[in-house]
1. Just to be sure I follow the rule: in the stretch 1-128, considering lysines 8 or more places apart or on different chains, how many pairs have Cα atoms under 23 Å apart?
2. Return the lysines within reach of LYS201: Cα separation strictly under 21 angstrom, same-chain partners fewer than 8 residues apart disregarded; answer none if there are no such residues.
3. Taking Rg and Dmax of the Cα atoms in Å straight from the coordinates, which label in (i) 17.0, 50; (ii) 19.3, 69; (iii) 18.4, 56 is the correct one?
4. What percent does the relative contact order of the chain come to when contacts are Cα pairs within less than 8 Å and at least six residues apart?
5. With only alpha-carbon atoms in the gyration tensor, what are the semi-axes of the equivalent ellipsoid for the stretch 50-156, in Å, largest first?
6. Taking the number of other C-beta atoms within 10 Å as the exposure measure, put LYS101, LYS93 in order starting with the fewest.
7. What's the local net charge at GLY172, with K and R +1, D and E -1, over the other residues with C-beta under 14 Å away?
8. What is the stretch 1-126's relative contact order, in percent, from Cα pairs under 8 angstrom and six or more apart in sequence?
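Throughout, read-outs are computed from the coordinates displayed, never taken from laboratory work. Fair warning: this is a prediction, and the values are worked out from it, not measured in the lab. Glycine gets a Cβ as well: all are built from the backbone with ideal geometry, and neighbour counts include every protein chain shown.
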Amino acid sequence: MPSLSNQRVLVVGGSSGIGFAVAQSAVLAGAEVTIASRSAEKLAAASRSLGTVKSAIIDTADEIGIEAFFQENDPWDHIVISAAQTPSGPVRKLSLDDAKKAMESKFWGAYRVARAARFSERGSLTFISGFLSERPSASSVLQGAINAALESLGRGLALELSPVRVNSVSPGLVDTPLWSKMEDESRKSMFERVAASLPAKTIGQPGDIANAVLFLMTTPFATGSNVRVDGGGVIG
């Protein structure tokens, strides 16, 4: 495993799912990790599981709070943004209010963090997007558009923030708590159906995405890149 010894890592959305896996991998790589989330309860539970991490309450909708957080903390070596709640559905059935909430959460939330963040000279910023940016779905059109916007933001920021490196990781279907509201049999059936349709013949695990994030954090030549980890979903 690449070393992140003596490096400070902030994972926004680090209390569950992909963010938690990223935080866990960074801890194992020797980093000093801070996980951030809106929920104090989720942060406390994640901190107990991860052990030696710090935590911070950050609401990505709170511009003033975000700016205050970064002013009160030293520059970061690496920041990962994996926090988002995006209502989904066909464009003509999804209410405009829900559509705006989705854009607000995943795109503007990440934008606010990127705008206020302070980095060490050779630091990195990694967004978590999603493969729908390249493989549209008729039932999740907005999600594809948001992911594409986030990836484009990353490429532009790689130029603006240079020599800070900015990248994105684009997951396919990943087994995270996002799907926990489904009944067990329905969830299992969906996972099996999707896995059978993919070239990799399996769905993703949070650790798969964390591996890609660590690659980007520890590869000095990687910037402006988007790494797909989708089981072949885009080509399948």
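1. On the way: LYS42/LYS54; LYS42/LYS101; LYS42/LYS106; LYS93/LYS101; LYS93/LYS106.
So the count works out to 5.
2. The reachable lysines, counting only those whose Cα sits under 21 Å from LYS201, are LYS188.
3. Label (i) holds the value from this structure.
4. Values: 485 pairs, mean separation 46.4, N = 236.
Taking the mean separation of contacting Cα pairs over the length of the chain, I get 20 percent.
5. Working: eigenvalues 157, 47, 29 Å².
Three semi-axes, in Å: 28, 15, 12.
6. So the ranking, lowest neighbour count to highest, is LYS93, LYS101.
7. Combined, the nearby Lys, Arg, Asp and Glu give 0.
8. Numbers: 228 pairs, mean separation 32.3, N = 126.
For the stretch 1-126, the relative contact order is 26 percent.
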